[in-house]
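Below is one structure; the comments refer to it alone.
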Protein chains: 2
Amino acid sequence: MKQLTVKDLFTKDLEDNSTVALEGSIKTIRGSKNISFIELNDGSCLKSAQVIVKKNNENFEAISKLPIASTITVEGTFVKTPDAPQPFEVHGEKVELVGHSNSDYPLQKKKQSYEYLRTIAHLRPRTNTFYSVFRIRSLAAFAVHEYLQHNDFVYVNTPIITSSDTEGAGEMFRVTTLDPNNLPKDENGKVDNSKDFFKTETNLTVSGQLPEEAFTMAFRNVYTFGPTFRAENSHTPRHASEFWMIEPDMAYTRLPGMMDVAEGLLKYVINYVLEHAKDELAFLDENVKPGLIEKLKNTANKDFARVTYTDAIKILQDADKEFKVPVKWGIDLQSEHERYLCEEVYKRPTFLTDYPRDIKAFYMRDNDDGKTVAAADCLVPGIGEIVGGSEREEREDVLNDKIHEFGLTPEEYDWYQELRKYGEIKHSGFGIGFERLVMYITGMENIRDVIPFPREPGSAKF
Amino acid sequence: MKQLTVKDLFTKDLEDNSTVALEGSIKTIRGSKNISFIELNDGSCLKSAQVIVKKNNENFEAISKLPIASTITVEGTFVKTPDAPQPFEVHGEKVELVGHSNSDYPLQKKKQSYEYLRTIAHLRPRTNTFYSVFRIRSLAAFAVHEYLQHNDFVYVNTPIITSSDTEGAGEMFRVTTLDPNNLPKDENGKVDNSKDFFKTETNLTVSGQLPEEAFTMAFRNVYTFGPTFRAENSHTPRHASEFWMIEPDMAYTRLPGMMDVAEGLLKYVINYVLEHAKDELAFLDENVKPGLIEKLKNTANKDFARVTYTDAIKILQDADKEFKVPVKWGIDLQSEHERYLCEEVYKRPTFLTDYPRDIKAFYMRDNDDGKTVAAADCLVPGIGEIVGGSEREEREDVLNDKIHEFGLTPEEYDWYQELRKYGEIKHSGFGIGFERLVMYITGMENIRDVIPFPREPGSAKF
């Protein structure tokens, strides 16, 4: 008898009264002296199969007392139940315990807080909520790859350990093999990094963009999708110390083309999840975030708004609303401004373009007005910034001037400047914080609840 | 006029004498007083388009002197050339310089050593060899995702920064934000790790397997695909300090099923590259590794060999060959043994199974003979071990005993043991060193040449 999965039972058109064999974990068990009802889950889908064991079964006494999460094998009869809430049940004939569990299993049926579940992050994927979240995370990651690969983007694994610093995007973690209790010192009594593993100070990457651009010059369309790090003492629901970023970069492309790719990518991922995670989205819509599916369909079907920073400033100044941080041209927009624009004014994802050059990174391409850069951020309702992108300054002389103007150390960017010295190619790129995208798609409101084992100040367990 | 890519010219069935617009980089330029021949590459494919500029063109003098890697736009006529080696040429009518380069461009046409090219890792993707290698790397990565996702595996991003140590698989890099010139000390004068960012000592992961198993319990079939690290002072062509690993793990699966998935995955990836990187493989077959395509087709079409460690020992002992390390039951097989088995005896990828328990990790499942574990490594000709896998010990009591027997600290594995305490589920998994797979597929012999910016002792540039 071929073993089937629970998903097989739901998706393969099995004949009524056919014989089936299953192996799975007891999700719930209830019953009476004469009958036990077991929800059997084997991980193949969110749903469980209802297995019925009756008193005349030789293992009835033992099975009916099993703790949740015990593993059993079941041979029995698949019976369609057109009048019941579930479409079928399995009448267990041969039911055997193959893996123990314990009665103090922490995931009993009642609702538990997300805070508590974070303390048992090794068990929480077994709950319906986190099963849904992490399956969607996986599907979204694949959809990212599929969209970009099918559009001829080349995946580049830029280095995680780095001796350079992308524009000082954030505080960095140091990577070392020096013995902290026996550090080598130089003649000035400072730590001698030349004795370290890489013979220099190294850190965890905050962005793969700069090394990635070397590949843009060769492959035209490239992307990274890997972990990045921020050593910031930040405790907000939107910041983690370790998170994944998607960074596409495109040669021969200007800002409008870049926004087309970002919008196309987001819509593709959302549509992919809508199609492949129907049960999971339905569960989240019903139990976590009412209206979730409707929101996702809206996002997938409407053009994103596009407005310049300068026009957005006017809209905010004219708004019939008091902001905590006063609005004037040149400010770095705060969450309250961003949310007002995408939630109140446009009511959908919104690209803001052409930001003041002084509040943006050195590598963004100067516009001809001398005041702004060709940058575009995408703001989405409920989350805020989800995409940050720009044209990259490809003019060797302008880039050189900006490296000096921004007070950077030119020697650290020698190879980056050589990408222009040996061939100026206009190009544009953007970054998506993958966890923010997963938050948007799942409706989860804390980044710690969309990362398998989140890292935050003071916590790196598991 | 819509701009086309070079790939469009090769793949879209354009009409003879149609008008085209291109933008690209000069790969080579040669000619005479009256005519210039430009190989124009825009990254869209390995091949370049031949652009012809004649003396009557208003920019002829300027264009014909341009250094390699200059960016130009071309408007001209697409002309089929059935009698020439290349299928078409573009007669450039309007040709303009849009991005400078310099005459000391380091990638002139002659062959350069891989050692030299590693020093200009930011430019080497522009060579035909590295273009081919890194496009294949990207396609192989996608094929891994596609195979596993289409077989219902859930992608899990296990943590990079970790406070635990998978079985002491290798030396680790420490991650810290403490100021090395001003370290906080405890009462014994040792560094006080409780003052560090995560309030404990943390390292870069050597494997995602243990945290991943938490997800196996929920999702049945899972995989990781991310960077892993070894702080080993190793200078061999097969070791890097930072590399990517693929680690599938499958519930309700024993060793034969695990080998089926590993074999299926390797063959799928090879077939995917054979289909999607024809030009690149042809280039590598001709210029880097003669016989490459034939080897890959063989691998994709033949069943892998499977033999127990114990039988393999007998084969080696009976071999008409002197080994440097004498063969007896219980030894950790050396490269010379592994290569003899897969290159001389089986002449194809070969699974070795059921290794002595004492030379394998604590989490591998004990066989009933008391001497061996249900482990399987796959050896491939020319590379050696490419897959290492096993059944995972799911029995709580046996696992507990092995943690003690192997001298590990039980407290560090409390959550890992709880995965069994709350539901013993048999499962199996394996790891593939992604770079070794890329080496096998591309024929490159040094791991530094299949990693965009390799990290090795003493070097973390870019």
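For this structure, a couple of remarks:
- By the rule of a C-alpha distance below 25 Å, with chain neighbours fewer than 8 residues away ignored, the lysines paired with A:K199 are A:K185, A:K190, B:K190, B:K461.
- Farthest toward positive dipole pole in chain B [+1 Lys/Arg, -1 Asp/Glu at C-beta], among B:V133, B:L178, B:Q108: B:Q108
- For the protein assembly as shown, the Kirkwood estimate of the hydrodynamic radius, built from every pair of different alpha carbons, is 30.1 Å.
- Relative to the Cα centre, the charge distribution of segment A:199-338, modelled as +1 at Lys and Arg Cβ and -1 at Asp and Glu Cβ, gives a dipole magnitude of about 200 debye.
- For segment B:6-99: relative contact order, % (alpha-carbon pairs under 8 angstrom, 6 or more apart): 31
- The charge dipole of the protein assembly as shown, taken about its Cα centre with unit charges on the Cβ atoms of Lys, Arg (+1), Asp and Glu (-1) only, comes to about 880 debye.
- Whole-Hz couplings from phi, Karplus 6.51/-1.76/1.60, listed for segment B:435-441; x for Gly and Pro: 5, 5, 5, 5, 4, 4, 6
- Gap separating the Cα centres of segment B:51-102 and segment B:236-303, nearest whole Å: 40
- Copies compared at B:D311 - label distances in nm, ascending, label defined 7 Å from Cα in the Cβ direction: 7.2
- Cα-centre dipole for chain B with unit charges at Cβ (Lys and Arg positive, Asp and Glu negative), debye to 20: 1940
- Sparse-neighbourhood loop sites, GluC sites (Glu not before Pro) in segment B:2-88 - DSSP loop, at most 14 other Cβ within 10 angstrom: B:E15, B:E58
- Segment A:230-365: projected area of the alpha-carbon convex hull, averaged over directions, in nm²: 10.9
- Contact order relative to length of segment B:235-300, as percent, for alpha carbon pairs under 8 angstrom and 6 or more apart: 28
- Out-of-range pairs (alpha-carbon distance over 19 Å; input B:K360/B:K402; A:K54/B:K426; A:K321/A:K371): A:K54/B:K426; A:K321/A:K371
- Treating each Cα of chain B as one equal point scatterer and applying the Debye formula with no solvent, the log10 of I(q)/I(0) at q = 0.09, 0.10 Å⁻¹ comes out as -0.74, -0.86.
- Taken along its principal axes, the alpha carbon cloud of segment B:6-99 reaches lengths of 33, 25, 22 Å, longest axis first.
- Selection from A:L22, A:V273, A:A375 lying farthest towards where the dipole of chain A points positive, charges on Cβ: A:L22
- In degrees, nearest ten, helix A:209-219 long axis to first principal axis of chain A (Cα): 90
- With neighbour counts taken as other beta-carbon atoms within 10 Å, the residues B:F304, B:F323, A:F173 rank, fewest first, as B:F323, B:F304, A:F173.
- Cα-based shape type of segment A:49-127, given that a ≥ b ≥ c are square roots of the gyration tensor eigenvalues and the cut on a/c is 1.5: oblate
- Amide proton proximity set for B:N102, modelled H, under 5 Å, gap of 5+: A:G423
- Working note: Cα gyration tensor of segment A:355-407, eigenvalues times five, square-rooted, sorted largest first, giving semi-axes of 24, 10, 10 Å.
- Prolate/oblate/rounded label for segment A:289-399 (Cα gyration tensor, a/c 1.5): oblate
- Under the criterion of Cα pairs below 8 Å and six or more residues apart, the relative contact order for chain A equals 13 percent.
- Segment B:400-462 and segment B:129-181 have Cα centres spaced 9 Å apart.
- Across the identical copies, the 7 Å label point of B:Q3, projected outward along Cα→Cβ, sits 5.6 nm from its counterparts, in ascending order.
- Of the residues A:N400, A:Y413, A:V450, the one whose Cα sits farthest toward the positive end of the charge dipole of segment A:385-462, with +1 on the Cβ of Lys and Arg and -1 on the Cβ of Asp and Glu, is A:V450.
- Cα convex hull of segment A:140-231, projected area averaged across orientations, nm²: 7.9
- Other copies of B:D192: label-to-label distances in nm, shortest first, labels 7 Å along the beta-carbon direction: 2.9
- Sum of side-chain charges, B:F430 neighbourhood, beta-carbon under 9 Å (Lys, Arg +1; Asp, Glu -1): -3
- Debye log10 I(q)/I(0) for segment A:107-159, one point scatterer per Cα, at q = 0.28 Å⁻¹: -1.06
Here, each number is a calculation from the coordinates, and none is a lab measurement. Quantities reported herein were computed from a predicted structural model and do not represent experimental measurements. Glycine also receives a Cβ, built like all others from the backbone with ideal geometry; neighbour counts cover every protein chain displayed.
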